[in-house]
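In what follows, a single structure is set out as structure tokens and then discussed.
Just so you know, all these numbers are worked out from the coordinates, no wet-lab data involved. The model shown is predicted, which means the values in this text are computed figures rather than measured ones. Cβ atoms come from the backbone with ideal geometry, glycine included; neighbour counts cover every protein chain shown.
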């Protein structure tokens with residue numbers, strides 16, 4: 001019988017974030033004045049994240065034997081969650097707004113963190129959080145369609161469009177949808193909207 005001490009391992013590795021002994025990478029995230037530099041360890045990041053493995057292979061050490069990365073498109077709040085997940089394999093979403101969780105989802109996709117991407121999607125389509133997806137439906141749908149990797153939310157959106165097509169067709173952001181996304185909506189088999197009505201929306 002094998003005994004697993006994952007909780008202690010997770011805690012010990014997470015402590016390295018607070019006391020980054022022998023760090024060899026700095027990652028600056030966000031944009032001034034809302035930016036922060038994280039001191040991290042390449043051997044942990046590249047073993048847990050294929051994005052960083054590739055990035056480190058492309059980045060040389062500076063005169064201080066440290067690799068320097070900048071990620072201005074990821075906020076400090078989002079990266080804090082991601083880096084704790086990478087180090088400790090844990091994540092807490094209870095105190096995060098759904099808008100931040102959605103940003104966390106897109107950033108996790110960018111970093112090829114597939115396990116986290118699936119977990120965040122499942123969390124967002126949960127009954128308690130689904131109202132935010134509906135309130136920001138066009139933005140969510142467009143992001144999911146362009147990403148091509150958010151199957152759980154994509155299916156959630158398609159079900160809503162099929163049953164309540166006005167959610168998307170009467171949205172003020174409807175006109176901003178790319179043509180291929182619009183074609184995908186029209187081709188939904190169970191879309192509950194007459195074809196003539198669909199063309200009326202498109203022409204408008």
Spin-label zone in the range 76-113 - amide nitrogen under 17 Å from a point set 7 Å from the Cα of residue 47 along the C-beta vector: 83-90
Under the Debye formula (equal points on every Cα, no solvent term), log10 I(q)/I(0) of the range 56-166 at q = 0.11, 0.13 Å⁻¹: -0.41, -0.55
Fraction in percent of alpha-carbon pairs per bin - 5 Å, the range 22-97: 4, 15, 25, 25, 19, 9, 2, 1, 0
Order of 115, 39 - criterion: other Cβ atoms within 10 Å of each residue's Cβ, fewest first: 115, 39
Size of the range 52-96 as Cα extents on the principal axes (Å, biggest first): 41, 21, 19
Span per principal axis, largest first, for the Cα atoms of the range 1-56 (Å): 51, 25, 19
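Take the Cβ-Cβ distance between residue 125 and residue 54 as r, set R0 to 41 Å, and report the resulting FRET efficiency rounded to the nearest 0.05.
Details: r = 30 Å, r/R0 = 0.74.
That pair, residue 125 with residue 54, gives E of 0.85.
Normalised by the number of residues in the range 1-76, what is the relative contact order in percent for Cα pairs under 8 Å and 6+ residues apart?
Values: 94 pairs, mean separation 26.1, N = 76.
Worked out over the range 1-76, it gives 34 percent.
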R0 of 35 Å, Cβ-Cβ distance residue 37-residue 8: FRET efficiency to nearest 0.05: 0.75
Ordering of 90-97, 13-20 by burial proxy (mean other Cβ atoms within 10 Å per residue, highest first): 13-20, 90-97
